[in-house]
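Accompanying notes for the structure given below.
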Amino acid sequence: MLALRLSHKLFLAFALILGVVLSLAGWSLITTRRLTAENHGIIHRALPAVRLEVTLLEGVAALRRIEARHAILRDPAYLQLFGERAQAIEGDLAVLGALVSTAEERQTLADAAEQLRKYRTLPERPPTAKTEAVQSALRLEALVHRLYEQSSSELRRRGTLTGQLEEQSRLVALLAIVTSLAMSLAIAVFASLRIARPLRELRVAARAVERRKLSEPIPVRGCDEIAELTIAFNRMATRLREVDSLKQHLFAAITHDLRTPLTVIAWSAERLGKGAPGMLGERQASLVENIRMSTDRLLGLVNQLLDLGRLKTGKLHLDLDLADVASLIQDAVDEIRPWAEDRRLRFDITVSDSIPKLLLDAKRMHQVLVNLLANAVKFSKTEGLITVTAEVVHHDVVVKVIDTGIGIPAHLQSTVFERYEQAHTERGGTGLGLAVVKGFVLAHGGRVWVESEEGKGSCFAFTLPLEVPGR
Ligand code: ADP
C-alpha cells in the first residue's frame, strides 16, 4: 500500500471532499440552467403558442361562417369581412412561426399557411367552386387543430421535463449533503483512529513513564508523523529506563558500600563509649556518644534505602518466624520512649489478648512500628498522646498508631506513602519512612492507610493477615 504522510492523507481527504462537492455543485448548476431555460420556453413560447392556436381555431370557424353567408347572400360586405379575417389569421400564423419550436409544428404551420392562401381566393370565384371552398376550409381547420394538438403535446412534454429537472436538482442537493456528511464522518473517524487514538496511547504511556511504570514499547502503526512520534517516544522511554536502572544500581552500590564503614564506626564508638580501650573524660564521652548516635541514624537511613531498592526490584527477603505482636509493639515503643518523654508525650497501648502469634519478619515489623511511632512523636505537639492499638478484625490483625499531632492536609494523604513525598518539609526528614512501611506491610500480605485531620491528629493503620498466604 502507498505510504503517505499524515499531512498528505489529510490534504487528499479534504481535496476529495472538495472535488466531490464542486462536481455536485457543477451538476446542480447545469440542471438549474436547463430548468430555467425550460421554464422560459414554457412561459414565453409554448404557452402563448397554444393560446394563439385556440384563438386561431375560433378564427377559422368564424371565417367559415362568413364564407357560408357570402355563398348564400353574395353580399360584397361579407367578402370584405372574409378578406379582413383571413388577413388577421395570416398575421396570427406569422406570429406563431416565431413561437413553435418542433419541426412537426413548423411543417403543419407551413401547410396551414398554404391552405389559408388557397382558401382566401375561393369566395371570389363563381359558386361552382363552393364544394372546393368547403373542403379547403375543412382542411385548414384540420391543420390548425393538428397544430394545436402538436403544441399542446409539446407543452405537456416541457412540463414533464421541468418536473424531472426539479426532481433531479433536489436529488443533487440531497446527494451533495449526504456525500459531504458521509465524507466528513469518514474523515472524523479516520482522524479519531489514526490521530486521536495513538495520541491517547502516547498520553497514557507518558503518564506511565512519569510514574516510572512503562515496560512495553507502544506498537508503531504505519510510517507517518504519528508513527515517527511513537518511535521517538519509545526510544526516549527505553533511554529513561536504562538511566533509571543505572541510577538504581549506582545507588544500591553506594549505599551498600556505605554500610560497612558506618557499621565499623558505630561499633567503635560504642566500644569507646563503654570505655573498652580505657576510660574517657566526660567531654570525650559526650563526643563519642554524639558520634554513635549520628552513625546509628546514618545506618538506619542507609538500611532503609537498601530495603527500598530491594522492594523495588522484588529482591526483599523476609525472614519469617512466629512472633508476638504485643512484644513487638512494646519493643518499638520502648525504643522511641526516651525521645517521646523528652517532648512530654504519653503512650496508651491496648493490645487484644485474642491475637495469636503471627508468622512475620520481626526485624522488618519492628522497623514498621518504629517508623510510625517516630513520625507520631515528630509530628506531635508537646504533651500530646500517642495511642497504639492492635486487635483482630475478620481475618486480619489491625494495628493503629494514633497521635494528637498536626495532621495531614486531605489532598496530600494519598501521596505520603510514596517515596520522597512529604506533607510537611519544615521538620526535616527524607520522605522514605512511610514508603518503607508500605513496602514491608505489603510484603507481609497486608494493607496500609491513613486517616487524618489537620490540627487534630493522624491515625496510621496497617493489617497483617492471620494466615500468611502460601504457608
Ligand atoms: P519523613 O518523616 O522522613 O518526612 P515519612 O515517609 O516517614 O518521611 O513521612 C512522609 C510525610 O508524611 C512526612 O514528611 C509528613 O509530612 C507526613 N507524616 C507522616 N507521619 C505523620 C504524622 N504522624 N502526622 C503528620 N504527618 C505525618
Report task. Quick one: angle between helix 433-443 and the longest Cα principal axis of the chain, in degrees between 0 and 90, rounded to 10, please. Result -> 80
Report summary line: Counting all Cα-Cα pairs in the chain, those more than 36 Å apart amount in percent to 65
Report task. Obtain the nm distance between the two label points defined at Q87 and E166 by a simple spin-label model: each point lies 7 Å from its Cα along the Cα-to-C-beta direction. Result -> 4.5
Report task. Classify region 68-196 as rounded, prolate or oblate from the Cα gyration tensor: take a ≥ b ≥ c as the square roots of its eigenvalues, call it rounded if a/c is under 1.5, otherwise prolate when a/b beats b/c and oblate if not. Result -> prolate
Report summary line: Cα-based Rg and Dmax for region 399-447, in Å, come out at 11.6, 33
Requested in this report: Using the structure shown, select from K357/K438; K213/K315; K357/K400; K312/K381 the pairs with a Cα to Cα distance greater than 24 angstrom.
Outcome: K312/K381
Query - Efficiency of FRET between W449 and R297 - r from beta-carbon atoms, R0 22 angstrom, step 0.05 - result: 0.20
Requested in this report: From the C-alpha gyration tensor of region 215-372, pull out the three semi-axes of the equivalent ellipsoid (sqrt of 5λ each), sorted largest to smallest, in whole Å.
Outcome: 45, 26, 14
Requested in this report: Treating the angle as unsigned and between 0 and 90°, give the value, to the nearest 10°, between the Cα long axis of helix 103-121 and the longest Cα principal axis of the chain.
Outcome: 20
**Report entry** Relative packing of peptides 112-122, 437-447 - highest average C-beta neighbours within 10 Å first
**Finding:** 437-447, 112-122
Query - Length released on extending from T313 to T131, taking residue separation times 0.36 nm less the Cα-Cα span - result: 52.7 nm
Requested in this report: May I ask you to give the percent of accessible area on the chain that is carbon plus sulfur, with a probe radius of 1.4 Å?
Outcome: 59
Report summary line: Hull surface over four for the Cα convex hull of region 167-298, reported in nm², is 13.9
Query raised in the report: Can you list the aspartates and glutamates whose alpha carbon sits under 16 Å from that of K118, skipping same-chain ones fewer than 8 residues off?
Result: E67, E84, E90, E132, E141
Query - Normalised contact order of the chain, rounded percent, pairs of Cα under 8 Å and 6 or more residues apart - result: 10
Report task. Assuming a ≥ b ≥ c are the square roots of the Cα gyration tensor eigenvalues, decide whether region 214-291 counts as rounded (a/c under 1.5), prolate (otherwise, with a/b larger than b/c) or oblate. Result -> prolate
Requested in this report: Net charge near A253: determine it from the other residues with C-beta under 13 Å of the C-beta of A253, scoring Lys and Arg +1 and Asp and Glu -1.
Outcome: +1
Report task. Could you tell me the largest-minus-smallest coordinate of the C-alpha atoms of region 200-251 on each of the three principal axes, in descending order and whole angstroms? Result -> 40, 17, 13
Report summary line: Descending packing, highest mean Cβ count within 10 Å first, for 384-394, 311-321 is 384-394, 311-321
Query - Within region 398-449: Cβ-based charge dipole about Cα centre, in debye rounded to nearest 20 (Lys, Arg +1; Asp, Glu -1) - result: 180
Report summary line: If R0 = 60 Å, then L240 and A173, at their Cβ-Cβ distance, give a FRET efficiency to the nearest 0.05 of 0.60
**Report entry** Accessible area in square angstrom per residue, region 359-415, 1.4 angstrom probe
**Finding:** 41
Query raised in the report: Using mean Cβ contacts within 10 Å as the protection proxy, how do 353-362, 138-147 order, highest first?
Result: 138-147, 353-362
Query raised in the report: For helix 6-41, what angle does its Cα long axis make with the longest principal axis of the chain, in degrees from 0 to 90 and rounded to 10?
Result: 20
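Please give the length that would be gained between Q248 and S327 if that part of the chain were fully extended, namely 0.36 nm times their separation in residues minus their C-alpha to C-alpha distance (nm, one decimal).
24.9 nm is the gain from fully extending Q248 to S327.
The values are calculated or read from the model by the stated rules, or taken from the named source; none is laboratory data. Since we're looking at a predicted model, the values are computed, not measured. Don't worry about glycine lacking a Cβ; one is built from the backbone with ideal geometry, like all the others, and counts go over all protein chains shown. Calculation scope for accessible area: heavy atoms of the full protein, side chains included, ligands and nucleic acids excluded. Shrake-Rupley method; radii C 1.70, N 1.55, O 1.52, S 1.80 Å.
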